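Colleague: Mind having a look at this structure? Questions to follow.
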Amino acid sequence: CLAGMRRYLREKTERSPAGKTFHYNGAVTALLGLVLSERTGMSNTAYLEDRIWSRLGAEGSGYWIKNLRGEEGVQGHFAARLRDYARLGALVLNEGRAASGQQLVPAAWIAQMVALRPDKPQPKGPPFYGLHVWIPQAAGGRSFFLNISSIRRVTRNPPNTLTAASATASTPIVLASG
């Protein structure tokens, strides 16, 4: 099942030496997903369900859409209900703590994930890139958005606001804000 992903990763070539120039590269996320799956012996969806989703208070399933070979597209292609995307955004807004008060993700990891790192290679202009999340220039780079699938986006813009939006083609429609 993972043979196609392994082949894809083997065939990728570097555009420039690592750490020198920013080139968005979904292969890095694909590789992390493959390593996680191999290390845990679980699909990434099952691991997410076990560690976060079941504790998040989600109303529905959250999963990565699979290709025809049954491989999860962990570099995007995540499907969930919009309210659950908002819960995911709130988890980040609350520094890894779920509404129940349970710490699901270490606060230090969340801080690193959304930190604007001008000392690292970045795109020529906003949005910038954190640890697998895009960081718009709003709030001095302290906001972020997860574009986990091609149609849903969760945006955090401090100090204490969360906006969940669904976009079709190029028109975003705000569905929840707080």
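The values are calculated or read from the model by the stated rules, or taken from the named source; none is laboratory data. If you're wondering where the values come from, they're calculated on a predicted model, not measured in any experiment. Note that we place each Cβ from the backbone using ideal geometry, even for glycine, and neighbour counts take in every protein chain shown. Just the protein is used for accessible areas: all its heavy atoms, side chains included, with ligands, DNA and RNA removed. Shrake-Rupley method; radii C 1.70, N 1.55, O 1.52, S 1.80 Å.
Colleague: Just give me the residues in the stretch 66-86 being of a type in the set (D, E) and at pLDDT 85 or above, in sequence order. Please lay out each step first, then the result.
Modeller: Initially, the stretch 66-86 is screened for residues of a type in the set (D, E), giving 71-72, 84.
Matches in the stretch 66-86: E72, D84.
Colleague: For the stretch 74-104, what are the residues that are in a loop (DSSP other than H, G, I, E, B), free of Cβ contacts under 8 Å to residues at least 40 places away in the same chain and either closer than 22 Å to L32 by Cβ or open to solvent by 50 Å² or more (accessible area, probe 1.4 Å) (or both)? Working first, answer last.
Modeller: Start the filter on the stretch 74-104 by keeping residues that are in a loop (DSSP other than H, G, I, E, B), which leaves 74-77, 80-81, 94-96, 98-102, 104.
This time we only want the ones that are free of Cβ contacts under 8 Å to residues at least 40 places away in the same chain, so: 81, 94-96, 101.
Selection gives R81, N94, E95, G96.
Colleague: Do you know which of the residues in the stretch 59-73 that are within 17 Å of the chain's Cα centre (by Cα) and open to solvent by less than 30 Å² (accessible area, probe 1.4 Å) is farthest from A30 (Cα to Cα)? Before you say what the answer is, go through the steps one by one.
Modeller: Pass one, the stretch 59-73, residues within 17 Å of the chain's Cα centre (by Cα): 61-66, 72-73.
Now drop any that are not open to solvent by less than 30 Å² (accessible area, probe 1.4 Å), which leaves 62, 72-73.
On the way: G62: 18, E72: 9, G73: 7 Å.
Checked the stretch 59-73; the qualifying residue farthest from A30 (Cα to Cα) is G62.
Colleague: Something else about it: When A99 is evaluated against the numbered criteria (1) closer than 30 Å to T21 by Cβ; (2) modelled with pLDDT of 50 or more, which criterion, by number, is the only one it fails?
Modeller: Of everything listed in (1) closer than 30 Å to T21 by Cβ; (2) modelled with pLDDT of 50 or more, A99 misses just condition (1).
Colleague: Just the residues that are assigned to a helix (DSSP H, G or I), of a type outside the set (D, E, K, R) and open to solvent by 70 Å² or more (accessible area, probe 1.4 Å), please, taken from the stretch 1-51. Steps first, answer last, please.
Modeller: The initial filter retains those residues of the stretch 1-51 that are assigned to a helix (DSSP H, G or I), namely 3-11, 26-40, 44-51.
From what is left, the residues that are of a type outside the set (D, E, K, R) are 3-5, 8-9, 26-37, 40, 44-48.
Scanning the stretch 1-51 gives Y8, V28, L31, L32, V35.
Colleague: Considering only the stretch 106-125, state which residues are free of Cβ contacts under 8 Å to residues at least 12 places away in the same chain and outside any loop (DSSP other than H, G, I, E, B).
Modeller: A108
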